[in-house]
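Step one of this worksheet: look at the structure below.
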Amino acid sequence: MNQIVVTGGGGFIGSHVAKYYAKQKENHVIIIDNLSRAKLLHRDDKNAMYNWKYLHQYKNITFYQEDIKDFNFLKDLFKKNEIDTLIHTAGQTAVTTSVTNPKEDFENNLIGTYNLLEAVRISKSNPAIVFCSTNKVFRNNVNKCDLEEKETRYLI
């Protein structure tokens, strides 16, 4: 059975990724999400809890409401499991939050990602890593990228 870790599994992209792999019975999906989006954006964000609860219908998903800034948690998770793939969709994407609270933005995005990479580095299973990012990093330039469709991927 393939073991796939999805960070940010309560979010839009992460929950869809988790669902996609959970529907394939040969996979065991491990979701990590601290469900902090509502707190970060200072609002009642029902989407993350909706996604989190919706995914509980899949018996081949294990849920961890944990923070990827907790390196000890990640180290233990990657040591105890033969992880095949890490799909990293967690992150703080709100540009306004990055301006009003840059320290928290830095910690969520950089330290969390560093911790994941370090946990993968010291793991015995040497999992593949898929890193997801927001299109906001490209600003309006994302609409100017020429895409070339290949058989298995798109090239920029």
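Work from the charge dipole of region 2-155 (Cβ charges, +1 for Lys and Arg, -1 for Asp and Glu, about the Cα centre) and give the residue of S98, L77, H28 farthest towards its positive end.
Value computed over the given set: H28.
Where both residues lie in the chain, what percent of DSSP beta bridges are antiparallel, nearest 5?
Percent antiparallel among DSSP bridges in the chain is about 10.
Put a dot 7 Å past each Cα toward the Cβ at L117 and T96; how far apart are the dots in nm?
Distance between the two pseudo-spin positions: 3.1 nm.
How are the alpha carbon pair distances in region 105-156 distributed across 10 Å bins from zero to the largest one, expressed in percent?
P(r) for region 105-156, in whole percents per bin: 18, 34, 31, 17, 0.
Rounded to the nearest 20 debye, what is the charge dipole size of the chain about its Cα centre when +1 sits on each Lys and Arg Cβ and -1 on each Asp and Glu Cβ?
Dipole of the chain, to the nearest 20 debye: 240 debye.
Binning at 10 angstrom from zero up to the longest distance, how are the C-alpha pair distances of region 75-120 distributed in percent?
Over region 75-120, the share of Cα pairs per 10 Å bin runs 25, 44, 23, 8 percent.
Each reported figure results from applying straightforward, stated rules to the coordinates on display, with no laboratory input. In this text, all values refer to a predicted model and were calculated from it rather than measured experimentally. FYI the Cβ positions are ideal-geometry reconstructions off the backbone, even for glycines, and counts take in every protein chain you see.
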